[in-house]
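The structure appears below as structure tokens.
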Amino acid sequence: MPHADFVHLRVHSAYSLSEGAIKPDKIATLARDNAMPAVAITDTSNLFGSIEFSQACMGKGVQPIVGCQIGLARAEQKLLPPDPLVLLAKDATGFANLSKLSSRSFLDTEPGLRPQISLDTLRDHHEGLFLLTGGRFGPIGRLLGDGQRPEAARLLAALAETFPDRLAVELERHELPAERAVEPGLIALADEAGLPLVATNECFFATETMHEAHDALLCIAEGRLLSEAERRRVTPHHWFKPAARMRALFADLPDACDNTLAIARRCAIAAPTRKPLLPICPKVREGATEAETLRAMAEEGLALRLAAMGADAATAATYRERLALELGIIEQMGFPGYFLIVADFIQWAKSQGIPVGPGRGSGAGSLAAWALLITDIDPIPFNLLFERFLNPERVSMPDFDIDFCQER
């Protein structure tokens with residue numbers, strides 16, 4: 001079956017929070033329905049949708065391209081909005097570096113500023129990544145728009161040195177005057193540097209008819225009114241255009257469309273799936289394992305609960321037998337760390353006077369949770385079943401429903 005001769009390399013899913021309006025699985029459907037052999041997800045600063053997107057693409061016979069739009073800090077002033085760059089993972093190393101860069105953009109950015117990374121950080125984690133320059137609003141386009149052509153040429157050269165044979169100068173045509181103004185400069189710089197051009201259409205919504213609804217989404221996100229003149233907008237052209245529309249749009253630069261396919265062929269990695277990775281809880285006692293720590297804390301907590309209720313020896317034996325059964329299942333399924341983590345933040349909240357709900361849902365059936373102060377409901381008088389919460393036949397993570405006071 002022949003495929004389309006264009007691939008979208010810059011698509012925002014709904015995980016570009018309050019910005020994108022396409023669900024990850026819908027991106028895969030759009031690509032399949034348009035006969036595109038591949039499609040990229042490039043959410044702003046995050047990879048939240050990468051697994052869902054990858055699985056949806058593979059289920060629909062479309063090659064997933066996992067990417068991210070990363071903010072590059074401005075060297076002259078970090079308080080200014082960062083310049084967007086688009087990074088696409090070529091292989092497993094690239095996906096790992098993309099994950100690191102996404103995390104660093106949040107961890108290394110001062111509170112209140114948009115997530116961003118420095119050029120040095122980008123250099124440190126460049127392997128396995130393909131770089132698109134971000135179009136008019138990327139760093140090269142912005143410098144050209146500001147009349148700083150020498151600076152733009154120097155930055156492009158620095159990026160080309162970091163990403164040899166893995167860099168393309170990005171062109172966008174959303175009928176914006178600012179794009180038209182810098183396009184000749186971008187083409188000239190690419191020609192001088194011997195770099196390929198690539199045509200993109202930054203997609204925020206699926207079809208032309210969704211523009212008005214998406215505009216309302218941006219207003220809701222920023223607390224603005226539709227009638228306001230000075231607010232963020234995207235054009236009616238920021239939708240998932242078919243290949244024929246993109247080919248017609250770039251009829252004078254067919255190589256720029258051809259290069260979307262060439263880049264897609266080089267980016268063959270899907271977001272890997274694996275069992276959840278839980279952090280090591282700081283409550284783990286010195287010289288003990290998570291399971292040993294959990295058992296000791298639960299037994300100590302149960303002793304305090306039994307003392308408070310004045311339980312006799314027979315009653316205490318019933319409770320200890322139930323606790324031993326639960327702890328055995330918890331250890332067998334590999335979830336001691338999960339219980340320790342939940343107990344840690346709930347016990348801390350209670351110690352700080354932050355109201356926490358007594359427990360609801362299937363988690364209230366756990367005596368271990370009651371002993372650890374995760375819940376305040378004794379499951380035994382109410383015949384609540386631990387097996388509804390966790391049993392060896394359950395394949396998903398346990399799930400405590402927890403309520404905290406909205407004031408604190």
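All of the numbers you see were taken from the coordinates with simple rules; none came from a lab. Just so you know, these numbers come straight off a predicted model, no measurement behind them. Reconstructed Cβ throughout: ideal geometry from the backbone, glycine too, with neighbour counts over all protein chains shown.
Given the convex hull of the Cα atoms of segment 22-86, what is a quarter of its surface area in nm²?
Numbers: hull surface 18.9 nm².
Seen from a random direction, the Cα hull of segment 22-86 projects 4.7 nm² on average.
Assigning unit charges at the beta carbon (Lys, Arg +1; Asp, Glu -1) and nothing else, what dipole magnitude in debye, to the nearest 20, does segment 292-405 show about its Cα centre? Could the numbers behind the result be given before it?
Values: 8 positive and 15 negative charges, 24 e Å.
Value, rounded to 20: 120 debye.
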- Where nothing but the Cβ of Lys and Arg (+1) and of Asp and Glu (-1) is charged, how large is the charge dipole of segment 24-266 around its Cα centre, in debye to the nearest 20? 320
- Message: What distance in nm separates the two pseudo spin-label positions at Glu407 and Ala193, each 7 Å out from Cα along the beta-carbon direction?
- Response: 5.7
- Kirkwood Rh, the chain, all Cα pairs: how many Å? 24.4
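Taking segment 269-352, which chymotrypsin sites (Phe, Trp or Tyr not before Pro) meet the DSSP loop condition and have no more than 11 other C-beta atoms within 10 Å?
On the way: sites: Tyr319, Tyr338, Phe339, Phe345, Trp348; in loops: none.
Sparse-neighbourhood loop chymotrypsin sites (Phe, Trp or Tyr not before Pro): none present.
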- Relative contact order (%) - criterion: Cα under 8 Å, at least six apart; region: segment 233-343: 30
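If I take every Cα pair under 8 Å that is 6 or more residues apart in the chain, average their sequence separation and divide by the length, what percent do I get for the relative contact order? Don't skip to the answer; put the middle values down first.
Values: 692 pairs, mean separation 55.1, N = 408.
Computed value for the chain: 14 percent relative contact order.
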- Message: Which of rounded, prolate or oblate describes segment 290-388 when judged by the alpha-carbon gyration tensor and an a/c cut-off of 1.5?
- Response: rounded
- Under a straight-distance cross-link criterion of Cα-Cα below 18 Å, which aspartates and glutamates are reachable from Lys283, leaving out those fewer than 8 residues away in the same chain? Glu292, Glu299, Glu300, Glu331, Asp344
- So what's the gap between the Cα centers of segment 232-260 and segment 383-408, to the nearest angstrom? 48
- Can you find, among Thr29, Ala229, Leu186, the residue farthest towards the positive end of the dipole of the chain? Put +1 on the C-beta of Lys and Arg, -1 on that of Asp and Glu. Thr29
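Tell me the Kirkwood radius of segment 189-252: reciprocal of the mean inverse pair distance over distinct alpha-carbon atoms, in Å.
On the way: mean 1/r = 0.0714 Å⁻¹.
Every distinct Cα pair counted, the radius reaches 14.0 Å.
Kirkwood hydrodynamic radius of segment 24-266 from all distinct Cα pairs, in Å?
Numbers: mean 1/r = 0.0539 Å⁻¹.
This gives a value of 18.5 Å.
If the chain between Ala262 and Leu176 were fully stretched, how many nm would it gain, using 0.36 nm times the residue separation less the Cα-Cα distance?
Details: separation 86, 0.36 × 86 = 30.96 nm, distance 2.69 nm.
Stretched fully, the Ala262-Leu176 segment lengthens by 28.3 nm.
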